[in-house]
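One structure is given below, encoded as structure tokens.
Every read-out reported here was derived from the displayed coordinates using simple, explicitly stated rules and does not represent laboratory data. Only a predicted model underlies this, so the values are computations on that prediction, with no experimental measurement involved. Positions of Cβ are generated from backbone atoms using ideal geometry, with glycine treated the same way; all protein chains shown enter the neighbour counts.
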Amino acid sequence: MSDPQPQRPGGPVMARPMVVAIDGPAGAGKSTVTRRLAARLGMLFLDTGAMYRAATVGLLRSGADRDDPAAVAAYVCARRIGFGADGQVQLDGERLGDELIRAPATVPEIWRVADNPACRAHLVAQQQAIVAGRDAVIEGRDATTVIAPDAQLKVYLDASPEERARRRLAEWPAGSPPPALAEVAAQIRARDEKDMARAVGALRLADDAVHLLSDGRSADGVVALLVAHAVQRNPFLLERRVADQLTVGRSRAKGYVRVAQGDVTGDGGMWQLGLTNPTPERMPGGVADLTRNRGGRQAGVLVQGRAVLVLAGRGDAPGEVAALPILPQTWYVIEPGAWHAVIQDHGTICAWAESSGISEERHPLDQAQQAQLRAFLEVYLPG
Ligand code: DC
């Protein structure tokens, strides 16, 4: 967690850490989405709920008078709560597993910490210290309003009570009869009202937050939308995320035009410059395999239109698909050994440059990877 942030080009303004703050009611899918988003963007993930849970576990163990807000505050405000290298929450350096922080005995007591202004102030200060100077995705109830009110991207991730009730019933344990949908939805409404009425740290839709309703969307679909919002606010995220594994334009396929050639590399190799405006049958969305670049380097820029870059890691086989919108006038570079595909809308023109000595290998995507890719394409290149 204390790794130094890699340096970013663009001077102090662009070097400012990127913070994505995500709030929303319980059951809207925040936890899955925020975790995946942080992994996709290569950012620190801060689960603030886990900190409230950890403080509660400690409080219950401590024997402090939990009915006395001053005693609760005295206990919690003397605690150091953070996360270990494995991402699990720690209370004064002790790792607390999910079986503790999510235990049925813990959950109904969390309000004693969450509704206590002194406890909240203490936890917020620790949350701010954890993300200070870092790119981070912060998940909570007050991330957009209190913890990181100046976050570059604020999201209120919502779902209708009926949708949340459906999701909860879908996970209902076998063996116990599920309640009626309307009953669960009513409970969810009541809990929302309580969360929004809290005197401190109330759940609130910030004026400048993106209000995203996840009804009918897959988790990957929501992540794709959020990546698009994040990259719009900070194009250097793209550069960081893809590190040195980017390309624009599939140069050896139909639709490519070489416009110049030259001896411009430092290592004596040749460069060629070209444009792509791919044929309709290649675009968009029909990619079932990825290309691996062997040898040489490529760089590219989107001149006109819309394109998506699909990354699949740097190992021997394509890993998890991570699609990103390519922004106009932003150059990307791809180094040898990376997996990629560029999917362009009709009429999109990409300019690219590449060194000599590149060969390409094609590898098919499996069913799960193709499904991930479709979720991204529905967002980035709909229709
Ligand atoms: O997100 P979660 O379910 O892990 O949160 C656990 C509890 O902590 C929940 O009752 C709301 C509360 N909480 C809070 O008050 N403020 C936060 N920033 C995060 C969680």
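Could you tell me how many cubic angstrom of Cα convex hull volume the stretch 68-198 has per residue?
On the way: hull volume 20.3 nm³, N = 131.
In the stretch 68-198, the Cα hull volume divided by residue count equals 155 Å³.
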Rough spin-label spacing in nm, given labels placed 7 Å along Cα→Cβ, for D215 and E94: 4.5 nm
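Shape call for the stretch 91-136 from the C-alpha gyration tensor, a ≥ b ≥ c root eigenvalues: rounded (a/c under 1.5), prolate (a/b greater than b/c) or oblate? Please list the in-between numbers first.
Details: a/c = 2.48, a/b = 1.38, b/c = 1.79.
Verdict is oblate for the stretch 91-136.
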Rg and Dmax [Cα atoms of the stretch 21-92; Å; Rg one decimal, Dmax integer]: 14.7, 43
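Based on other C-beta atoms within 10 Å, arrange S355, S160, S176, S214 from fewest to most.
On the way: S355 18, S160 15, S176 7, S214 22.
Neighbour counts put them in this order, fewest first: S176, S160, S355, S214.
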Least to most buried among D207, D366 (fewest other Cβ within 10 Å first): D207, D366
Order by protection proxy (mean Cβ within 10 Å, highest first), peptides 119-130, 195-206: 119-130, 195-206
Spin-label model distance (nm) - H229 vs D195, 7 Å beyond Cα toward Cβ: 1.5 nm
Least to most buried among D86, D316 (fewest other Cβ within 10 Å first): D86, D316
